[in-house]
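Structure, as structure tokens:
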Amino acid sequence: MFKCAGKCPGEDNIALTKILQKDDSILYLIGNADCYLLNQYVSGNSEEFFFCERVFLVVEESQISDLENYNFFLPAGQYLSLTYRGHYNKTRQLYPKMVYYARAHDYEITGSLIEICRLGVYQTDQAEEFLTELQVRVKSR
């Protein structure tokens, strides 16, 4: 389950503050707030990055009591996943490898790219230590 926090960097801190004002029981999730739904077909503010559609929190159903306030649910299905170390700009460089892998294994990409920063700017200022997971929904052809 996702709770969309805002559009993207800049708006995300304001939106997270609003979410926490409504439900401070999810305060522990702030470390998971560095999750993005990206549009892999559009460039962001810089050619190095994809356009960011949403910032979100990952929430387990058992951890919340008010499901109606959660506005985006990750569809069940198969997801192709890739994890890398280094600066976030590697996402744009590595996504084509995911596309190639999917095609080579008879999968079709059916969703937006999800970027989950497992270890990032909130934990370290050393870009070489960043740990990022990419996921994209796929289906067999």
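The values are calculated or read from the model by the stated rules, or taken from the named source; none is laboratory data. Predicted model, so just to flag it, every value in this text is computed and none were measured. Here the Cβ positions follow ideal geometry from the backbone for every residue, glycine too, while neighbour counts run over all protein chains shown.
Values computed for the structure shown
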item: Inter-residue pairs, beta-carbon under 7 Å, first among the hydrophobic types (A, V, I, L, M, F, W, C) and assigned to a strand (DSSP E or B) and in the range 129-141, second at pLDDT 95 or above and buried (at least 20 other Cβ atoms within 10 Å of the Cβ), 6+ apart; result: Leu134/Met98; Val136/Met98
item: Verdict on Thr91 being within 22 Å of Leu74 (Cα to Cα), within 13 Å of the chain's Cα centre (by Cα) and part of a helix (DSSP H, G or I); result: yes
item: Filter pass, Leu74 being in contact (Cβ under 8 Å) with a residue 60 or more places away in the chain, within 20 Å of Phe51 (Cβ to Cβ) and not acidic (Asp, Glu); result: yes
item: Test: Ala127 is surrounded by fewer than 18 Cβ atoms within 10 Å (Cβ to Cβ) and more than 24 Å from Glu48 (Cα to Cα); result: no
item: Scope the range 96-134; condition of a type in the set (Phe, Trp, Tyr) and at pLDDT below 95; matching residues; result: Tyr122, Phe130
